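Below are the structure tokens for one structure; questions will follow.
The values are calculated or read from the model by the stated rules, or taken from the named source; none is laboratory data. Treat the numbers as computed from the prediction; the structure is a model and nothing was measured. As a convention, Cβ positions derive from the backbone with ideal geometry for all residues, glycine included, and neighbour counts pool all protein chains shown. Accessible surface is based on the protein model in full, side chains and every heavy atom, while ligands, DNA and RNA are left aside. Shrake-Rupley method; radii C 1.70, N 1.55, O 1.52, S 1.80 Å.
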Amino acid sequence: MKLLKVDHIGIAVNSIDDAKTFWTDVLGLPFEGDETVSDQKVRTGFFPVGESEVELLESTDPDGPIAKYIEKKGQGMQHVAFRVENIDQALEELKEKGVRLIDETPRKGAGGAKIAFLHPKATNGVLVELCER
Ligand code: ZN
């Protein structure tokens, strides 16, 4: 498996509109726009920084995974995403190594990326996302 770079860092927030002031006005990052991923019940906002991006995540539903995350842990860093060359191959390799996965097969993420999450129990508590664009 080949990890190419940190693709983005996912941060759970109550409201992208409220939170984005810090990333744009204070840190000076551009706001690349937002996108709703309906099957994840999440609205995402991207702020490119160098080779990577900050991804703000706002729940669109009180039952969504981001709403549940904030309920349990509060707002804050939720996941780190690594870009891989070939996500299907990466998942096969992880399965062979017996790594616990949330997604056995890739699903569709924001920006048309193919994404898959590893289980935090397999990563010492960090929610790791793989993505291929
Ligand atoms: Zn992500």
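How about the stretch 94-133: which of its residues are assigned to a loop (DSSP other than H, G, I, E, B), away from the ligand (no atom under 12 Å from the Cβ) and crowded, with 17+ Cβ neighbours inside 10 Å?
Result: P106, single match.
Out of the residues in the stretch 17-53 that are closer than 15 Å to G109 by Cβ and β-branched (V, I, T), state the one that is surrounded by the most Cβ atoms within 10 Å (Cβ to Cβ).
Step by step, filter the stretch 17-53, then rank; the result is V42.
Restricting the search to the stretch 83-93, which residues are assigned to a helix (DSSP H, G or I), open to solvent by 40 Å² or more (accessible area, probe 1.4 Å) and touching a residue at least 60 places away in the same chain (Cβ under 8 Å)?
Passing the criteria: Q89, E93.
Among residues belonging to the stretch 24-82 that are assigned to a loop (DSSP other than H, G, I, E, B) and among the aliphatic types (A, V, I, L, M), point out the one that is farthest from the ligand (Cβ to nearest atom).
L27
Which residue pairs have Cβ atoms under 6 Å apart, sit 6 or more places apart or on different chains, and have a first residue in the stretch 119-133 that is in contact (Cβ under 8 Å) with a residue 24 or more places away in the chain and a second that is open to solvent by 30 Å² or more (accessible area, probe 1.4 Å)?
L127/P120; L130/F82; C131/R83; E132/K114
Just to check your reading of the model, which residue among V42, V80, V49, V54 is of a type in the set (V, I, T), free of Cβ contacts under 8 Å to residues at least 24 places away in the same chain and closer than 26 Å to T123 by Cα? Walk me through how you get there before you give the answer.
Values: V42 fails: free of Cβ contacts under 8 Å to residues at least 24 places away in the same chain; V80 fails: free of Cβ contacts under 8 Å to residues at least 24 places away in the same chain; V54 fails: free of Cβ contacts under 8 Å to residues at least 24 places away in the same chain.
Matching residue, one of V42, V80, V49, V54: V49.
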